[in-house]
Amino acid sequence: MSLPSLGWNARFEESFTEHRTRGWVPARVAREDRTRYVVLDESGARPAELAGRLRHEARTRADVPAVGDWVAVRPGAASPAIIEAVLPRASAFVRKDVGDAAIEQVVAANVDTVFLVSGLDLDYNPRRIERYLAAAWESGAEPVVVLNKADLDPDREARVAEVELLAPGAAVLAVSALEGDGIASLQPWLQPGRTVALLGSSGVGKSTLVNALLGEERLATGAVREDDSRGRHTTTHRELVVLPGGALLLDTPGMRALELWGDEDSVDGAFPEIASLAEGCRFRDCRHESEPGCAVLAAEADGTLAADRLASWRKLQREAHWLATRVDARARAAEEAKWKAIHKSMRDHPKADRWKK
Ligand SMILES: Nc1nc2c(ncn2[C@@H]2O[C@H](COP(=O)(O)OP(=O)(O)OP(=O)(O)O)[C@@H](O)[C@H]2O)c(=O)[nH]1
Ligand SMILES: [Mg+2]
Ligand SMILES: [Zn+2]
């Protein structure tokens, strides 16, 4: 495969200049499974691992390659290939550990479009779609809401209309991966060399959709629980799949929307109608709670703004704020630990040369 057909472009080439002088060559990460990778380049797919230096210098999990990343590898056809550097990302979906929000992991990198997949079954939940959308706007990729399992819902048009109200600026499509219904409507985003990531809870049919687009049962899929339509985490690693038409699809394991969570600004991205109403508030930092001259509350009162949209906005703002506080607390703790170590080293080696000069 040529590099452009894998998504390579002039921007990546520009950020590769320095790596070229070292003789390294570009490759794209197609699969990641803890420390093991598979990379794709002109000669096809091969296993890869991190150069020792990159492994040691990585300070957070966001510094190591993720699926979709462009990396610099040592030249030649050696297997495993040795990854020397990660290129700056054009877009990134970051996952935050629910237990510790400061631990970040890149779920998908350099994605043009993200299909936010939901099932029109018992697991259907519009509030969850709002959360995924907020994370999508923050990632830099274009979100498309895919309501799968349309074959199970006689009222799909009503669902599409309902979700369109929650997703200003994003396309909302109903499909059935199982029966192939509506699949053709995804074509505009499946152009050669374009990367599409599939995100959504376990059991919504992400892998089934990839298989439907591939035209073969390549990825494993698993039945959902009968009582609530939840999945069983069938997919366990992230993987980039090349479609016959030339688009690149990134399948991911199901995850909870909260893990994808962004900051307060990303909430505003998902609620553009509230953000634009807020420009009319008397106070710049209006929280739209009870302030005088609040344009948002006025719109709610006269019915222009749906009350449940404002309720969702408030809830997501609170969640984002809570996460941000935790990230700050951890960053402070790490900074303190660093200075403690430096002071200890100064006490232990009072005459160390490195402190003179
Ligand atoms: N009725 C119906 N069932 C579907 C459809 N798409 C997927 N399914 C079923 O939903 C179940 C889960 O599908 P998967 O593709 O494994 O779901 P997933 O999103 O990849 O799940 P994880 O890998 O666990 O994150 C399987 O039993 C599929 O056959 C659909 O369009 N209609
Ligand atoms: Mg799957
Ligand atoms: Zn206000």
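The values are calculated or read from the model by the stated rules, or taken from the named source; none is laboratory data. Everything numeric here is computed off the predicted structure, so don't read it as measured data. For neighbour counting, all protein chains shown are included, and Cβ atoms are generated from backbone atoms with ideal geometry for every residue, glycine included.
Summary table
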quantity	calculated
Matching entry among Asp228, Asp268, Asp308, Asp251 (being within 13 Å of ligand 3 (Cβ to nearest atom), at negative phi and not β-branched (Val, Ile, Thr))	Asp268
Condition met for Arg194 (modelled with pLDDT of 85 or more, within 20 Å of the chain's Cα centre (by Cα) and more than 16 Å from ligand 3 (Cβ to nearest atom))	yes
Whichever residue in the stretch 166-186 is touching a residue at least 40 places away in the same chain (Cβ under 8 Å) and surrounded by fewer than 19 Cβ atoms within 10 Å (Cβ to Cβ) and, among such residues, is farthest from Gly246 (Cα to Cα)	Pro168
Residue that is within 13 Å of ligand 1 (Cβ to nearest atom) and at pLDDT 90 or above, where the choices are Leu250, Leu277	Leu250
Residue, modelled with the lowest pLDDT, within the stretch 96-108, restricted to residues that are in contact with a Leu (Cβ under 7 Å, 6 or more places away or on another chain) and surrounded by 15 or more Cβ atoms within 10 Å (Cβ to Cβ)	Ala101
Matching residues, the stretch 226-241, being among the charged types (D, E, K, R), more than 10 Å from ligand 1 (Cβ to nearest atom) and more than 15 Å from Lys149 (Cα to Cα)	Asp227, Arg238, Glu239
Some residue of the stretch 144-161 being crowded, with 17+ Cβ neighbours inside 10 Å and under 15 Å from the mean Cα position of the chain (by Cα)	yes
Some residue of the stretch 321-331 being more than 16 Å from ligand 1 (Cβ to nearest atom), among the β-branched types (Val, Ile, Thr) and modelled with pLDDT of 75 or more	no
Near pairs, Cβ below 7 angstrom, 6+ apart or cross-chain, from the stretch 1-23 (under 23 Å from Arg46 (Cβ atoms)) to any residue that is among the basic types (Lys, Arg) and modelled with pLDDT of 95 or more	Leu6/Arg28; Gly7/Arg28
Which numbered condition Cys294 misses (of (1) modelled with pLDDT of 90 or more; (2) closer than 30 Å to Ser91 by Cβ)	(2)
